[in-house]
Each structure stands twice: as C-alpha cells, then as structure tokens.
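Quick notes on the structure that follows.
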Amino acid sequence: MTLKLLITGSDFVAGNFNARNRYLRGSALGARFPISKGPTLSIVSYGGGNGVFRTPVVRYSVNGFVMQRTTGNDESTNHVDAGNFNAVVQLVKT
Amino acid sequence: MVKLTGDSTGRVAIYNGSTDAPFYDPKNNLSLVKFHTELDYPTIINTVNTGVTLPARAANGIYADTYSLFAHGRGGHPMILAEITSPFSTSLSGSVPVYMSSGGFARWVSIGANASHVVLHEQCVTYRTNPQPALGLNIRVYITDKLL
C-alpha cells in the first residue's frame, strides 16, 4: 500500500480513514450519547435486624436518566433513600 | 510535541511523545495516539428511527419477550448503539428500566441484534396486586460497520 494522506480545510483522509464518514468519537463538544464505563445500577438495602427482613433498594442512573425504588416492599408510601449513585459515562458523538 | 508521520506501508499517525513508539505500536501507546490508520474506528453507516409498544402486563407475574424491530441488512451480527427518544430520552446502554412501580417492580429493556434483525429484549416483574400498563417506545438505532 502506498501512503495515502490528504489534508485540506474540509477533508482529512489517511489510509481507509475519511473524516467525512460518521465515526464514533469522544468529545465534550456536542456529544450527547453516553456509553457507560461501569455499573449503571446501584443496589443498597435498608432495614434488617431483630427479625426484620432487609429490603433491597434499586437505583438506575445514566446521564440524568434516573429510575429508582423509593418506597417499601409493600408499596407503602414510606420513603426510602435510594442513594445518590450516578453511572460514570463517556459521552460520544455519533 | 504533536507529530504527523507516514511511511511506505500506508500507515499514517498523529501522536504525542518524544519517540515514534505510538506510530509503530499504537495499541500499546493509546494514551499518546490521536489518530492511527491501524486502529479500527467504528463508523455509523445507518440510523433508523423505529418503535415498539410493550404490552400491558398482568399483576403477580414475571415476563420475558423479544421484539423484532427491523431487518438490519448486514451479513452477521452488527455492533449497534441505540437510544430511546420518547416518551423520555436515554441511551440503551445495557439493561434499562423503562417503568418502575413504587415498590421497585420494573420493566427492563435492552437492545440487541441477531443475524438478520435488530431486536429489543424485555424483562418484566409485576407486584402481586399491581399490573403494568402498555408502554410505547420510540427508539433510534445507530448501526455501525462492525460485525461482532
């Protein structure tokens, strides 16, 4: 293969890479799609002791989208603290 | 110092550093590489807006289902990315809860693909007295040029 390199004000072509293609790329500027670097879910528990069952509490949180369990096992209105977990993400452009 | 280097094999690289190690061995010097032709950059080759309606689920049950969204037209299992665009906005990164009742009984979905179609997997568990309503999801799928 011969060297293939083109750089202009609007193009960058090197080998099979052509900047006009739509590559995934990490960037803070204009990035909107999060790819998780680790867990997206946190499970903690509360209660327990003296014959009382411990109850799991789930919190899913990715880039501002949160779903969490905040009430007891019987769907009572007792508030449960699901913690403040947020997944670590890499924002990318598509 | 940033360097732009190419050679007669067709390799081109842009990298930092005082040596040419990132040029000759990019995968072991990734922190210094800004671009290298020997790295395989995923390319989005198609974007498809699609949707699915998850059915209502009766109380006191556990459910699992798979929904075929569309034919991807690739010769294998493509690497894909996807996001839910409505009724809320979030990426389909792993299994994602799209409904959760106050007791934590939830409906989870994940995106995937088989040899012919992009599919959505659903897993759902309902509380003994509470059904879950039908739920419509609009989904945007990004298909890359990579086959898994």
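The values are calculated or read from the model by the stated rules, or taken from the named source; none is laboratory data. Keep in mind the model is a prediction, meaning the values are calculated, not measured. Quick reminder, even Gly has a Cβ in these numbers, built from the backbone with ideal geometry, and neighbours come from all protein chains shown.
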Output the number of the condition that B:Gly61 fails; it satisfies all remaining conditions of (1) of a type outside the set (A, V, I, L, M); (2) surrounded by fewer than 20 Cβ atoms within 10 Å (Cβ to Cβ); (3) closer than 24 Å to A:Gln90 by Cβ. (3)
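Scan segment B:110-129 for residues that are part of a strand (DSSP E or B) and either among the small types (Gly, Ala, Ser) or closer than 22 Å to A:Val92 by Cα (or both) and jot them down. Give the steps one after another, and end with the answer.
Start the filter on segment B:110-129 by keeping residues that are part of a strand (DSSP E or B), which leaves B:110-113, B:117-125.
Once the filter is applied, which keeps residues that are part of a strand (DSSP E or B) and either among the small types (Gly, Ala, Ser) or closer than 22 Å to A:Val92 by Cα (or both), segment B:110-129 yields B:Ser110, B:Ile111, B:Gly112, B:Ala113, B:Val118.
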If you scan segment B:134-148, which residues turn out to be exposed (fewer than 15 other Cβ atoms within 10 Å of the Cβ) and modelled with pLDDT under 95? B:Leu147, B:Leu148
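Do we have B:Gly76 as within 26 Å of the chain's Cα centre (by Cα) and either within 14 Å of chain A (Cβ to nearest Cβ) or of a type outside the set (A, V, I, L, M) (or both) here? Before you say what the answer is, go through the steps one by one.
Working: within 26 Å of the chain's Cα centre (by Cα): yes; either within 14 Å of chain A (Cβ to nearest Cβ) or of a type outside the set (A, V, I, L, M) (or both): yes.
Here the answer is yes, as B:Gly76 does meet what is asked.
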Go through (1) more than 28 Å from B:Tyr142 (Cα to Cα); (2) surrounded by fewer than 16 Cβ atoms within 10 Å (Cβ to Cβ) for B:Phe23 and report which single condition fails. (2)
Residue set B:Val52, B:Val12; condition closer than 17 Å to B:Leu120 by Cα, buried (at least 16 other Cβ atoms within 10 Å of the Cβ), at pLDDT 90 or above and out of contact with any Pro (no Cβ under 6 Å at 6 or more places or on another chain); output residue B:Val52
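Between B:Val33, B:Val98, which is crowded, with 16+ Cβ neighbours inside 10 Å and away from chain A (no Cβ under 11 Å)? Before the answer, list the steps.
Values: B:Val98 fails: away from chain A (no Cβ under 11 Å).
Of the residues listed, the single one that is crowded, with 16+ Cβ neighbours inside 10 Å and away from chain A (no Cβ under 11 Å) is B:Val33.
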Would you mind telling me which numbered condition in (1) within 11 Å of chain A (Cβ to nearest Cβ); (2) exposed (fewer than 15 other Cβ atoms within 10 Å of the Cβ) B:Asn114 fails? (1)
State whether the residues of segment B:5-21 include one that is within 12 Å of another protein chain (Cβ to nearest Cβ) and either under 30 Å from B:Glu122 (Cβ atoms) or touching a Cys at 6+ places or on another chain (Cβ under 7 Å) (or both). no
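Count, please, the residues in segment A:1-21 that happen to be of a type in the set (A, V, I, L, M, F, W, C) and more than 8 Å from chain B (Cβ to nearest Cβ).
Quick first cut of segment A:1-21, residues of a type in the set (A, V, I, L, M, F, W, C) only: A:1, A:3, A:5-7, A:12-14, A:17, A:19.
Subset that is more than 8 Å from chain B (Cβ to nearest Cβ): A:6-7, A:12-13, A:19.
Of the residues in that region, 5 qualify.
Which of the residues spanning segment B:74-95 are free of Cβ contacts under 8 Å to residues at least 24 places away in the same chain and either more than 15 Å from A:Ile35 (Cα to Cα) or surrounded by fewer than 17 Cβ atoms within 10 Å (Cβ to Cβ) (or both)? Talk me through it step by step, then tell me what you get.
Filtering segment B:74-95 for residues free of Cβ contacts under 8 Å to residues at least 24 places away in the same chain gives B:88-91, B:93-94.
Within segment B:74-95, B:Phe88, B:Ser89, B:Gly94 meet the criteria.
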Filter segment A:28-46 down to residues that are in a loop (DSSP other than H, G, I, E, B) and either modelled with pLDDT of 85 or more or exposed (fewer than 10 other Cβ atoms within 10 Å of the Cβ) (or both), then give me how many there are. 7
